[in-house]
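Report on the following structure.
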Amino acid sequence: MEKMKFKAESQRLLDMMINSIYTNREIFMRELVSNASDAIDKRYYKEAEDGCTGKSRDDYEIRIAVDKDARTLTISDNGIGMSKEELENNLGIIANSGSLKFKADNAESMKDVDIIGQFGVGFYSAFMVAKKIQVISKAYGSDQTYMWESEGAEGFTIDKAERTDVGTDIIIYLRDDTEDDKYSEFLDEFRIKSIIKQYSDYIRYPIVMNVTKQRQKPASEEEMNSEDYKPEYETYTEDEKLNSMVPLWKMKKSEITDEQYSDFYKKTYMAWSDPLKVIHTNVEGVISYDALLFVPSDVPFNYYNKDFKPGLQLYSSGVLIMDKCEDLLPSYFGFISGLVDSPDLSLNISREMLQQDRQLRAIAQRLEKKLLQTFGEMRDKESEKYEKFFENFGIQLKYGVYDNFGADKDKLKDLLLYYSSTTESMTTLKDYVSRMADDQKYIYYAAGESRSKIKMMPQMDLFADKGYEVLYCTDNIDEFAFMAMREYDGKEFKNISDKDLGFEKTEEEVKAQADKNEAAKSTLGAIKEALGDKVSSVILSTRLKNHPVCFATSDGVSIEMEKILKAQAA
Ligand code: ADP
Ligand code: MG
């Protein structure tokens with residue numbers, strides 16, 4: 001039997017690829033710049049191998065130039081370049097990645113090289129905006145320049161061309177603007193700058209553009225002092241480096257100032273005030289990543305809006321992959337902003353998503369652990385700061401306790417703080433337990449609208465008398481969280497409105513109480529009759545001191561919880 005090869009309708013394939021892989025057109029810049037960076041990485045590596053030392057990363061550059069009249073955008077690099085064969089293979093075979101091959105060929109000896117390409121499709125994304133592309137390239141170690149040219153699906157040509165130095169120019173002839181589609185934005189300096197900032201800020205080589213600027217024309221002192229002096233302006237051009245190159249999170253922690261962290265935080269995440277806490281970790285291991293996380297000092301202004309999107313930025317080797325990756329943090333840490341950068345992610349072909357989430361989950365687990373640990377330390381060593389944090393986000397942690405069944409639930413419990421009947425400032429559950437009376441079996445709490453209302457509850461007197469501390473619960477979630485926790489340190493939670501408060505009673509006491517109820521039977525019966533269905537039973541209480549009556553519940557759902565559930569159902 002003859003084995004046949006698949007053929008592809010390359011025209012359609014290219015079309016599909018270009019138009020269905022990417023969500024944003026501007027991604028093509030990210031792809032071409034990544035290719036340029038890869039090309040420089042390869043040259044840097046080859047030169048080192050050939051014994052040419054003494055060159056630094058700053059000797060290389062990626063250059064962007066626009067020609068508004070010709071409607072071209074050119075991205076040049078002084079990287080490794082491509083020979084005629086390489087032009088043919090790398091830009092002529094869809095899904096053939098010269099970079100992947102390079103990585104494989106040099107795998108053993110490659111250190112400090114962070115090649116990005118792997119799928120062999122990124123280049124074609126330029127056809128989203130180009131009607132024609134020319135690639136002029138001179139390969140490292142060659143004297144001959146070639147030009148590859150294509151108008152898309154029809155195919156391409158390769159001819160001899162001229163280029164002084166080793167490297168590559170990618171010349172994009174932008175499509176014409178139509179009513180719905182504007183391509184001229186890619187000729188706009190400001191737009192280009194912002195695209196580079198967004199996707200390619202941490203490319204390790206300088207990305208340079210000759211930009212137009214304005215300045216005041218110099219004038220003599222005499223001129224400036226004259227009454228009708230008007231400053232004159234002139235335009236000039238200047239090379240400007242568009243990218244920051246070294247990401248803050250790759251710098252040595254000891255060399256980063258608080259101000260640098262703060263500036264980065266405010267600029268990147270649109271925050272007004274300094275972060276309450278910065279968490280910067282560099283992890284090397286089975287899965288390597290750098291993370292830079294910020295705990296805000298205030299609740300983000302739109303936090304409770306439905307348009308608030310939680311999530312961290314996800315970078316792969318310094319290239320932005322996703323702006324809001326929700327899977328990196330548990331939802332109760334949704335208020336944290338920041339980023340993760342990892343070279344170990346398996347990206348999907350558009351490089352906008354991941355192929356599988358195993359690595360993400362591994363990173364997410366470690367981040368959660370790290371955050372819990374950090375907040376634990378803050379609680380112990382910077383209590384004032386921690387209380388401020390808790391005032392803002394404590395409710396989220398309670399939600400975390402309520403719906404998180406992760407392994408670290410115990411750590412999360414210990415991060416909770418409550419006001420109580422016996423302490424001035426907030427207390428942890430651990431401290432509560434350490435203060436429990438010898439005969440006290442439960443952790444008692446009272447739920448209500450506000451602390452002042454709780455203090456006035458009839459039941460409170462009895463607890464003061466017995467010397468039992470009562471936690472004040474004023475958040476809707478509080479009781480639900482206690483129910484989810486069931487117990488802390490072996491002590492169950494008990495609402496002080498519960499019918500059974502779990503106090504130790506002697507047999508005589510129980511009997512005396514039963515006798516009293518029996519004796520008052522007719523009175524109690526009359527009250528029950530008057531109240532009808534509003535109460536399930538009326539009994540004599542031993543828990544009152546200064547108040548005539550109080551409500552008690554017995555079926556696990558307290559009065560406050562009932563209110564909340566009713567409000568939610570409404
Ligand atoms: P990928 O980057 O995933 O390999 P691309 O479609 O972006 O796929 O590029 C295909 C190949 O073309 C690259 O692997 C590389 O070998 C080659 N290439 C693209 N741009 C350049 C460039 N500026 N300089 C040298 N080689 C390049
Ligand atoms: Mg590429």
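Rule-based calculations on the coordinates, nothing more; no lab input. What you see is a predicted model; the values in this text were computed from it and never measured. Because the Cβ atoms are built from the backbone with ideal geometry, glycine has one as well, and the counts that use them run over all protein chains shown.
Sorted into 5 angstrom bins from 0, the C-alpha pair distances of region 460-499 split as 6, 19, 26, 27, 17, 5 percent. Placing dummy labels 7 Å off each Cα toward the beta-carbon, the span from Asp465 to Gln365 is 5.3 nm.
For the peptides 4-13, 476-485, residues were scored by their other Cβ atoms within 10 Å and the scores averaged per peptide; the highest-first order is 476-485, 4-13. Normalising by the residue count of region 403-507, find the relative contact order in percent from Cα pairs under 8 Å and 6+ residues apart. That works out to 31 percent. Between Asn546 and Asp307, the simple spin-label model (points 7 angstrom out along Cα→Cβ) gives 5.1 nm.
Packing here is the average count of other Cβ atoms within 10 Å per residue, and on that basis the peptides 33-42, 70-79, 210-219, highest first, run 33-42, 70-79, 210-219.
In region 226-309, the alpha-carbon atoms span a convex hull of 258 Å³ per residue. Computed over the chain, relative contact order equals 8 percent, with contacts defined as Cα pairs under 8 Å that lie 6+ residues apart.
The Cys52 and Ala567 beta-carbon pair, evaluated with R₀ = 60 Å, returns a calculated FRET efficiency of approximately 0.25.
Computed from backbone phi, the HN-Hα couplings of region 503-516 come to 6, 5, 10, 7, 4, 4, 4, 4, 5, 4, 5, 5, 4, 4 Hz, rounded to whole numbers (Karplus: 6.51 cos²θ - 1.76 cosθ + 1.60, θ = phi - 60°; Gly and Pro given as x). Extension gain for Lys241 to Asp298 (0.36 nm times residue separation, less C-alpha to C-alpha distance): 17.1 nm. Placing dummy labels 7 Å off each Cα toward the beta-carbon, the span from Glu487 to Ser288 is 4.7 nm.
When the alpha carbon gyration tensor of the chain is reduced to an equivalent ellipsoid, its three semi-axes come out at 67, 28, 23 angstrom, largest first. For Tyr419 and Glu384, what is the calculated FRET efficiency with R₀ set at 22 Å and r taken between the beta-carbons, to the nearest 0.05? About 0.90, to the nearest 0.05.
Fully extending the segment from Ser346 to Asp114 would add 82.1 nm, taking 0.36 nm per residue of separation and subtracting the current Cα-Cα distance.
A Förster radius of 25 Å combined with the Cβ-Cβ distance from Lys3 to Ile94 puts the calculated FRET efficiency at roughly 0.70. Counting 0.36 nm for each residue step from Lys252 to Asp533 and taking away their Cα separation leaves a gain of 94.2 nm. Per residue, the average separation of C-alpha pairs within less than 8 Å and at least 6 apart gives region 141-270 a relative contact order of 18 percent.
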